[in-house]
Amino acid sequence: MSGHFDDLAGKHMLITGGANGIGAAVTRAFAGQGCAVTVIDRDRSAGEAVLRDCAERGVKAWLHVVDLTDTDALRDALAEIRTHQPPVDVLIAHAGDDPRFALLDMSEDEWNSLFQLNVTHYFLVCRELLPDMIARRSGSIILTASHTVTIGKPDLIAYNSTKAAIVGFMRGLAEAGGQFNVRVNAVAPGWTMTERQLREHVTPEQITRTVHELQTLPVTITADAVAQLYLFLASEAAGLLTRQVLFADAGQSKH
C-alpha cells in the first residue's frame with residue numbers, strides 16, 4: 001500500500017545514496033508521486049536501473065556518480081545541479097554504511113572514514129542546498145538516522161555514534177531553518193531487509209529473534225514500507241512537523 005500526496009507532484013527531490021536499498025525505494029516512491037528526482041550515488045549501474053524505473057513513470061530523473069567521501073567531487077556535483085537542474089524542494093541525505101566491529105576494535109582511519117560518509121556528506125549537501133531553500137522560504141530536508149541511536153547495538157558503536165550525530169545535526173538545523181519555513185526531520189529505520197542486509201548480515205535465527213522477540217509488531221521491515229515515511233515528511237500532510245525523528249522500527253526501540 002502506498003499513500004498519495006498531491007502536493008508533491010512536480011517537485012524536485014534530491015537523494016544521496018538513492019541507487020540501492022532504502023534509498024532506491026525512496027527514489028522510486030517520489031517518482032511515483034510525480035516528482036522529478038536526482039540521485040547522487042557511486043553505483044552507476046544500480047543508479048541507472050533506478051532512473052529507468054523513474055523514466056517509465058514519466059518523470060525527469062538525473063544521476064550524478066560521485067563518491068560521497070570525496071568532498072571536492074561532491075561540491076562540484078552540487079554546483080552543477082544548482083546551475084542546470086530545477087531548485088531542490090526536498091533534500092534527502094541518506095547514504096551511509098554500517099560496518100560491524102568487536103567493541104572498539106577499529107582503527108582511527110576506519111572511525112574517521114565512517115564519519116566522513118555518514119555525517120560529513122550530510123553537512124555538505126545541506127550547506128550547499130539550504131541557501132536556495134531559505135531564499136524561496138520553502139523546503140523539506142529529511143536525514144536518515146537509525147533506531148540504533150536508542151538501542152545501542154554493541155557491534156555498531158561507530159555507526160551508532162554517526163547516527164546520533166545526525167539527530168543532533170537535524171535538531172539544530174531545524175531550529176535555524178524554521179524561521180525560513182524550511183522543515184528538517186529524520187527517519188530512523190529499524191533493521192530493514194534490503195538485499196545487502198540479507199546478503200551480508202541476516203541469519204534466520206537473528207531475523208526470527210528480531211521480529212518475534214525484540215519488535216513490538218511481528219513484521220518484517222521492508223524498504224518500500226520505510227519509504228512511505230519520507231513521502232509523508234516531505235508532504236504538506238506533515239506541515240507541522242519539524243525537528244522530529246520518526247522511528248520506523250516496528251516498536252523495537254523503547255524510548
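Here is how the numbers come out for the structure above:
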quantity	calculated
Evaluation of SER146 against (1) farther than 23 Å from LEU103 by Cβ; (2) not in a helix (DSSP H, G or I) (one fails), failing number	(1)
Residues of the stretch 152-163 classified as aromatic (Phe, Trp, Tyr) and either surrounded by fewer than 18 Cβ atoms within 10 Å (Cβ to Cβ) or in a loop (DSSP other than H, G, I, E, B) (or both), total	0
Criterion: surrounded by fewer than 24 Cβ atoms within 10 Å (Cβ to Cβ), within 19 Å of the chain's Cα centre (by Cα) and polar (S, T, N, Q) - qualifying residue of THR27, THR83, THR69	THR69
Meets criteria (touching an Asp or Glu at 6+ places or on another chain (Cβ under 6 Å), over 30 Å from ASP109 (Cα atoms) and loosely packed, with under 14 Cβ neighbours inside 10 Å) for GLU236	yes
Selection count where residues are part of a helix (DSSP H, G or I), closer than 29 Å to TRP191 by Cβ and touching a residue at least 24 places away in the same chain (Cβ under 8 Å), scope the stretch 50-73	3
Single residue of the stretch 164-191 satisfying the filter (within 16 Å of the chain's Cα centre (by Cα) and in a strand (DSSP E or B)) that is surrounded by the most Cβ atoms within 10 Å (Cβ to Cβ)	VAL184
Residue selected from the stretch 102-142 under the condition assigned to a helix (DSSP H, G or I) and polar (S, T, N, Q), by the criterion surrounded by the fewest Cβ atoms within 10 Å (Cβ to Cβ)	ASN112
Leading residue by the ranking (nearest to MET13 (Cα to Cα)) among those in the stretch 74-96 that are of a type in the set (A, V, I, L, M) and assigned to a loop (DSSP other than H, G, I, E, B)	VAL88
Residue check, LEU217 crowded, with 19+ Cβ neighbours inside 10 Å and of a type in the set (A, V, I, L, M)	no
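Quick grid of which residues meet (1) more than 19 Å from the chain's Cα centre (by Cα); (2) closer than 21 Å to VAL182 by Cβ:
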{"position": "ALA73", "(1), (2)": "yes, no"}
{"position": "ALA93", "(1), (2)": "no, yes"}
{"position": "ASN112", "(1), (2)": "yes, no"}
{"position": "LEU117", "(1), (2)": "no, no"}
{"position": "ILE134", "(1), (2)": "yes, yes"}
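Values quoted throughout were computed directly from the atomic coordinates according to the rules given, and no laboratory measurement underlies them. Just so we're clear, the structure is a prediction, and the values are computed from it rather than from any experiment. Here Cβ is always computed from backbone atoms with ideal geometry, including for glycine, and neighbour counts include all displayed protein chains.
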